[in-house]
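Here's the structure we're looking at; comments come further down.
The values are calculated or read from the model by the stated rules, or taken from the named source; none is laboratory data. Here the structure is a predicted model, which means the values were calculated and not measured. Please note: Cβ atoms are built from the backbone with ideal geometry, for glycine as well, and neighbour counts cover all protein chains shown. Accessible surface is based on the protein model in full, side chains and every heavy atom, while ligands, DNA and RNA are left aside. Shrake-Rupley method; radii C 1.70, N 1.55, O 1.52, S 1.80 Å.
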Amino acid sequence: IAPPRLARGLALAAIPIAALVSYGFILDLDFVGDDTLTMILTSRVEGIHDLTTLFTTRLMAGRFSAEFYRPFSSFSLAWDWALWGLDPFGYHLTDMLLLGGTAVALYWVGRRLFSSRWLPIVAVLSFVLHPVHMGALPVIARRPDYLSLMFTLLAVWALPVAGKTPRAFSAWLCAVLV
């Protein structure tokens, strides 16, 4: 019988493997969704002015009545543009990594909320394998959903725990993440 720490480590390692097996085919897809290409093309950075514009302009540069201010979404798309150009593989890979980052953040929150060491792993596996991702993961334009959930979970994780975390640090970290 494996020691409990090794068993938990193997269970945690199963999470990205389960995600890759479940959603790996998405890496072979083309761009999906009407607004995906528009978001990518309006978020590319070709000079310093474009970089500052990402943080001062609405999503999709205010086109098509997109009244959302989401600079991190635009920045992540600009990063993908710099790395991949218009190759959909890289954009889908980034979204898969964001799903993984969100799963890790959910695990950390679960570990903080529950005394059980297995319950957070079960919760994360339920989250990662839930079919709702089939509506969001293939569409690059849904990236803000994963970014906002990941940063919200990280902010909840950063909240101070009585007697364990210095208040000033936790308050600062929570503010930065939100």
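Listing for the model above:
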item: Answer residue from the stretch 94-143, given it is in contact with a helix residue (DSSP H, G or I) (Cβ under 7 Å, 6 or more places away or on another chain) and outside any helix (DSSP H, G or I) and is surrounded by the fewest Cβ atoms within 10 Å (Cβ to Cβ) among those; result: Phe114
item: Count - residues of the stretch 54-84 that are of a type in the set (A, V, I, L, M, F, W, C) and at pLDDT below 70; result: 5
item: Exclusive hit being more than 20 Å from the chain's Cα centre (by Cα) and under 18 Å from Ile26 (Cβ atoms), set Leu93, Leu77, Leu86; result: Leu86
item: Residue list for the stretch 72-88, restricted to those being assigned to a helix (DSSP H, G or I), out of contact with any Leu (no Cβ under 6 Å at 6 or more places or on another chain) and surrounded by fewer than 17 Cβ atoms within 10 Å (Cβ to Cβ); result: Trp79, Ala82, Leu83, Trp84
item: Subset of the stretch 6-28 [exposed (fewer than 15 other Cβ atoms within 10 Å of the Cβ) and either in a loop (DSSP other than H, G, I, E, B) or among the charged types (D, E, K, R) (or both)]; result: Asp28
item: Any hit, the stretch 168-175, residues being at pLDDT below 80, crowded, with 16+ Cβ neighbours inside 10 Å and small (Gly, Ala, Ser); result: yes
item: Any chance Leu147 is open to solvent by less than 80 Å² (accessible area, probe 1.4 Å), in a helix (DSSP H, G or I) and at pLDDT 85 or above; result: yes
item: Any pair with Cβ under 7 angstrom, 6 or more apart, that starts in the stretch 73-99 at a residue that is more than 13 Å from Pro144 (Cα to Cα) and free of Cβ contacts under 8 Å to residues at least 60 places away in the same chain and ends at one that is among the basic types (Lys, Arg) and open to solvent by 20 Å² or more (accessible area, probe 1.4 Å); result: Ala78/Arg44; Trp81/Arg44
item: Scope the stretch 29-38; condition at pLDDT below 90 and either in a helix (DSSP H, G or I) or touching a Pro at 6+ places or on another chain (Cβ under 7 Å) (or both); matching residues; result: Phe31, Val32, Thr36, Leu37, Thr38
